[in-house]
Amino acid sequence: MNAGAPPPVAERWWRTHDSGDGVTLLVEAHITPMLESNVWHVRGHDADLVVDTANGIGKLRPAIDRLAGDRPVIAIATHGHFDHVGGLSEFDDRRCHEADADETRAPFAVRIERDDQPAGVDDMFAYYGFEVPERTIAAVPHEGFDTGAWVAPGARPTGFVADGDVLDLGDRRIEVLHVPGHTPGSIGLWEAATGLLFSGDTVYVDGRLGYDDLEAAEASLRRLSALPVRRVHGGHDRSFDGDELELVLDGLLNGGLEAL
Ligand SMILES: [Zn+2]
Ligand SMILES: [Zn+2]
């Protein structure tokens, strides 16, 4: 492929998957695997919840509006990394933990073209076992999209969530767990009634995990290990069950924790 040729226009930016329990997964279909992250739409009776918003290259809001209809939408970032807060600014009600507020407003300024990437991108990709691609996307979200002008967008939160807060969707109650470690303001979202845990980057499977505070991470992971989890929807990779969570947490808590 000629690197100088403009990428094609994507027919659809989002790939969606029904994950059961009224939960839909949305993933950017044309982004390099390293930056592929999970957006979770949770359907409620009175309000819907969006957990993370990916990179913010193609618009997320229209895809969520198709799922949410007239219901209000609470958009929440599990932490302030650029690949989770990119679409947050598209929502009227946008929240994060206060400890990640600065990063949510001004995330690491990743670009699309390799020649434009800021210092540190090589190391970041290398940590997760990837090389920096010529371009981070294989298609553009719409006609006229300028791959040279795009910079990972931040969002000004309209509210903060803290440990113990409950997000009330009418028929569903989802509890905020402050689980620092991957970042200072990382949160998990826990629905006791269904045993669903939205874990962000605190724990997922297949990909390499990293923590900026190992001591905090250890305490957070111990806390998660005490929950009767049925299914985990992480910030990246596939969903998994409580037994696999136990295995992953055992590994991490027995010498497997790595500093970012
Ligand atoms: Zn992260
Ligand atoms: Zn991530």
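One table, with the values for the structure above:
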read-out	value
Residue 140 long-range amide H proximity, modeled H, under 5 Å	9, 10
Backbone HN-Hα couplings from phi across the stretch 233-240 [Karplus 6.51/-1.76/1.60, Hz, Gly and Pro as x]	10, x, x, 9, 6, 6, 7, 8
FRET efficiency for residue 105 and residue 244, using Cβ-Cβ distance with R0 set to 41 Å, rounded to 0.05	0.75
Counting all C-alpha pairs of the stretch 37-149, share separated by more than 16 Å (%)	64
Hull shadow area, averaged, the stretch 108-166 [alpha-carbon convex hull, nm²]	6.8
Label-to-label distance, nm, for residues given as residue 128 and residue 225 (7 Å Cα→Cβ offset)	2.6
Global size of the chain as Cα Rg and Dmax, reported in angstrom	17.6, 52
Within the stretch 227-243, backbone nitrogen closer than 18 Å to the virtual label 7 Å beyond the Cα of residue 212 toward Cβ	235-236
At 1.567 mPa s and 4 °C, Stokes D of the stretch 4-58 from Kirkwood alpha-carbon radius, µm² per second	103
Using θ = phi - 60° and Karplus 6.51 cos²θ - 1.76 cosθ + 1.60, couplings along the stretch 158-169 (whole Hz; Gly, Pro as x)	9, x, 10, 10, 10, 3, x, 4, 10, 8, 9, 9
Added length on full extension, which subtracts the Cα-Cα distance from 0.36 nm per residue, residue 17 to residue 149	44.5 nm
For the stretch 50-58, Karplus couplings with θ = phi - 60° (6.51, -1.76, 1.60), whole Hz, Gly/Pro x	10, 9, 6, 9, 6, 8, x, 8, x
Mean projected area in nm² (Cα convex hull; one quarter of hull surface) for the stretch 150-260	8.1
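Read-outs throughout are calculated quantities, based only on the coordinates presented, and are distinct from any laboratory measurement. All of these numbers come straight from a predicted model, not from anything done at the bench. With ideal geometry, Cβ positions are generated from the backbone for all residues, glycine too; neighbour counts draw on all protein chains shown.
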